[in-house]
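Q: Got a structure for you, questions after.
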Amino acid sequence: MNVLDVQDLRVRFDTDEGPVLAVNGLSLSIAESEVLAVVGESGCGKTVTALAVMGLAPAHAHIDGSIRLAGTELTTLPDPELRRIRGRDLAMIFQEPMTSLNPAFTIGRQIGEVLVRHEGLSKRAARIRTVELLDLVRIPSAARRLDEYPHQLSGGMRQRVMIAIAVACNPKLIIADEPTTALDVTIQAQVLDILRQLRRDLGTAVLLITHDLGVVADIADRVVVMYAGHAVERGEAEALFTGPQHPYTIGLLGAVPRPGGARLTEIPGLVPVLREDPRACVFAPRCARAADDCRLEMPPVRETSAGQFAACLHPGPKEAVLS
Ligand SMILES: Nc1ncnc2c1ncn2[C@@H]1O[C@H](COP(=O)(O)OP(=O)(O)OP(=O)(O)O)[C@@H](O)[C@H]1O
Ligand SMILES: [Mg+2]
């Protein structure tokens, strides 16, 4: 059984300017010990997807579709049960750890509280377990760090504390939304290393949201490429990197900043805000390969090679874009 199964997820916001279809028919799944990366430009619906899975979407969001965690349907679960699952089976790591840590409490207390509340540990047992968790996320001199406050820690250390809180109850799934974006490169590598270790040692599944394709190449098993609320391409990370078929994926890969240099290419244009169900390919207005048929129908998702799928009427390797 998959740890996470998302089927035809739709998230709509009704705003003063009209409806916004932030996620529009997204399906994805993650198996135990698997790292699935969700990539795409700003505004394509990554965070909204994560919040919907966590049951933390804003109150004015309309959610349709199915989200199952280890078989349990979350979209219809009453709030108290969802709260119990969150923090225990399902945990999230955000980009900026300072906003999610309480500046008024020591880190020992913040981690301990999770263990007391969700695992029913005594305060004493929670303190012992907290030291183990800080060791697990490789915080040096863990026993001493317990009594420090968030502002006494560096950004990288705070992110480790967040990871310690996230894994405190041995969750089935960790959702990490840009977990390394605010960190410098060395610390980024260490945080990724910790996620890798959790997956290996505890079998934790990870849904990793990022627009850093270097991070994806480093750690992801599979990738879903999102565009305007849709999954436009998905497949094994390595195959997708070496043989992207969707012109959007090809464009994204071309836009990876290289060390020592600026972005090589950019995809001209912006991610559109969808107000109604599209009747044509959402990427067509920015696509070098777009033909008349792309403007007449939504491209169905098709297998382009073993295990790789693209929603494109004219999929193909990079050269096809240039010719
Ligand atoms: N609370 C909200 N109310 C209305 N629209 C929203 C709300 N939250 C997000 N949106 C819209 O939903 C779309 C998807 O936003 P989302 O935050 O998921 O993007 P993202 O892929 O996470 O981008 P980034 O890479 O910048 O984090 C955007 O068009 C955004 O403006
Ligand atoms: Mg986001």
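Q: Mind checking which residues of the stretch 288-323 are at pLDDT below 95, part of a strand (DSSP E or B) and in contact with a helix residue (DSSP H, G or I) (Cβ under 6 Å, 6 or more places away or on another chain)?
A: Selection gives nothing.
Q: Which one is surrounded by the fewest Cβ atoms within 10 Å (Cβ to Cβ), of the residues in the stretch 152-162 that are out of contact with any helix residue (DSSP H, G or I) (no Cβ under 6 Å at 6 or more places or on another chain) and under 19 Å from Thr181 (Cα atoms)?
A: Within the stretch 152-162, the first condition is being out of contact with any helix residue (DSSP H, G or I) (no Cβ under 6 Å at 6 or more places or on another chain), and the residues that meet it are 152-155, 157, 160.
Filter once more, keeping what is under 19 Å from Thr181 (Cα atoms): 153-155, 157, 160.
Working: Leu153: 19, Ser154: 11, Gly155: 14, Met157: 21, Arg160: 25.
The selected residue is Ser154.
Q: Has the stretch 157-169 got any residue that is out of contact with any strand residue (DSSP E or B) (no Cβ under 6 Å at 6 or more places or on another chain) and free of Cβ contacts under 8 Å to residues at least 24 places away in the same chain?
A: For the stretch 157-169, residues out of contact with any strand residue (DSSP E or B) (no Cβ under 6 Å at 6 or more places or on another chain) and free of Cβ contacts under 8 Å to residues at least 24 places away in the same chain: present.
Q: Let me ask you something else. Among the residues that make up the stretch 260-274, is at least one of them in contact with a strand residue (DSSP E or B) (Cβ under 6 Å, 6 or more places away or on another chain) and without any contact (Cβ under 8 Å) to a residue 40 or more places away in the chain?
A: For the stretch 260-274, residues in contact with a strand residue (DSSP E or B) (Cβ under 6 Å, 6 or more places away or on another chain) and without any contact (Cβ under 8 Å) to a residue 40 or more places away in the chain: present.
Q: I would also like to ask the following. Being assigned by TED's automatic domain parsing to the domain that holds Leu153, touching a Gly at 6+ places or on another chain (Cβ under 7 Å), more than 21 Å from Asn24 (Cβ to Cβ) and part of a helix (DSSP H, G or I): is that true of Gln197 here?
A: On the way: assigned by TED's automatic domain parsing to the domain that holds Leu153: yes; touching a Gly at 6+ places or on another chain (Cβ under 7 Å): no; more than 21 Å from Asn24 (Cβ to Cβ): yes; part of a helix (DSSP H, G or I): yes.
Criteria not met by Gln197.
Q: Now, a different point. Going by the conditions given, is Ser33 within 30 Å of Ala217 (Cβ to Cβ), more than 16 Å from ligand 2 (Cβ to nearest atom) and surrounded by fewer than 21 Cβ atoms within 10 Å (Cβ to Cβ)?
A: Numbers: within 30 Å of Ala217 (Cβ to Cβ): yes; more than 16 Å from ligand 2 (Cβ to nearest atom): yes; surrounded by fewer than 21 Cβ atoms within 10 Å (Cβ to Cβ): yes.
So Ser33 fits the description; yes.
Q: Being modelled with pLDDT of 85 or more and surrounded by fewer than 21 Cβ atoms within 10 Å (Cβ to Cβ), is that true of even one residue in the stretch 179-191?
A: no
Q: Report the residue count in the stretch 192-204 for those that are in contact with a strand residue (DSSP E or B) (Cβ under 8 Å, 6 or more places away or on another chain) and either closer than 23 Å to Leu146 by Cα or buried (at least 23 other Cβ atoms within 10 Å of the Cβ) (or both).
A: Result for the stretch 192-204: 3.
Q: Of the residues that sit in the stretch 36-70 and are within 12 Å of ligand 2 (Cβ to nearest atom) and farther than 25 Å from Ala239 by Cβ, which one is modelled with the lowest pLDDT? It would help to see each step written out before you state the result.
A: Of all residues in the stretch 36-70, those within 12 Å of ligand 2 (Cβ to nearest atom) come to 38-51.
Now restrict to residues that are farther than 25 Å from Ala239 by Cβ: 42-43, 47-48, 51.
Working: Ser42: 89, Gly43: 92, Thr47: 93, Val48: 96, Leu51: 94.
Restricting to residues being within 12 Å of ligand 2 (Cβ to nearest atom) and farther than 25 Å from Ala239 by Cβ, the top hit is Ser42.
Q: List, please: which pairs have Cβ atoms under 7 Å, are six or more places apart or on different chains, and start with a residue in the stretch 204-219 that is not assigned by TED's automatic domain parsing to the domain that holds Gly235 and end with one that is in a loop (DSSP other than H, G, I, E, B) and more than 16 Å from ligand 1 (Cβ to nearest atom)?
A: Going by the 7 Å Cβ cut-off, the qualifying pairs are Thr204/Pro171; Ala205/Val3; Ala205/Ala31; Ala205/Glu32; Ala205/Ser33; Ala205/Glu34; Ala205/Lys172; Leu208/Ala220.
Q: Looking at the stretch 52-69, which of the residues that are assigned to a strand (DSSP E or B) and not acidic (Asp, Glu) is farthest from Asp277 (Cα to Cα)?
A: So the first thing to find is which residues in the stretch 52-69 are assigned to a strand (DSSP E or B), and the list is 61-69.
Now drop any that are not not acidic (Asp, Glu), which leaves 61-63, 65-69.
Numbers: Ala61: 16, His62: 15, Ile63: 15, Gly65: 15, Ser66: 19, Ile67: 21, Arg68: 24, Leu69: 27 Å.
Out of the qualifying residues, it is Leu69.
Q: Ok, one more. From the set of residues in the stretch 71-96 that are within 29 Å of Ala182 (Cα to Cα) and of a type outside the set (A, V, I, L, M, F, W, C), which is modelled with the lowest pLDDT?
A: Checking each candidate, the answer is Glu96.
Q: Take Leu21 and decide whether it is under 24 Å from Asp212 (Cβ atoms), modelled with pLDDT of 95 or more and within 16 Å of ligand 1 (Cβ to nearest atom). Can you show your working first?
A: Numbers: under 24 Å from Asp212 (Cβ atoms): no; modelled with pLDDT of 95 or more: yes; within 16 Å of ligand 1 (Cβ to nearest atom): yes.
Answer is no for this residue.
Q: Residues that are under 27 Å from Ala57 (Cβ atoms): which helices (runs of 4 or more DSSP H) entirely in the stretch 79-193 hold 2 or more of them? Break it down stepwise before answering.
A: On the way: elements: 79-85, 97-100, 107-119, 123-136, 142-145, 155-167.
Here the list reads 79-85, 97-100, 107-119, 155-167.
Q: Right, here's the next one. Would the stretch 101-119 turn up any residue that is farther than 30 Å from Phe241 by Cα and within 16 Å of ligand 1 (Cβ to nearest atom)?
A: No, the stretch 101-119 contains no residue that is farther than 30 Å from Phe241 by Cα and within 16 Å of ligand 1 (Cβ to nearest atom).
Q: Please count how many residues of the stretch 158-182 are within 16 Å of ligand 1 (Cβ to nearest atom) and on the phi < 0 side of the Ramachandran plot. Don't jump to the end; show me each part of the working.
A: Of the residues in the stretch 158-182, the ones within 16 Å of ligand 1 (Cβ to nearest atom) are 175-182.
Next, only the ones that are on the phi < 0 side of the Ramachandran plot stay: 175-177, 179-182.
Within the stretch 158-182, residues that are within 16 Å of ligand 1 (Cβ to nearest atom) and on the phi < 0 side of the Ramachandran plot number 7.
Q: In the stretch 8-27, what count of residues is obtained for those that are within 16 Å of the chain's Cα centre (by Cα) and away from ligand 2 (no atom under 16 Å from the Cβ)?
A: Looking only at that region, the number is 1.
The values are calculated or read from the model by the stated rules, or taken from the named source; none is laboratory data. Only a predicted model underlies this, so the values are computations on that prediction, with no experimental measurement involved. A quick note on method: Cβ atoms are made from the backbone with ideal geometry, for glycine too, and the neighbour counts reach across all protein chains shown.
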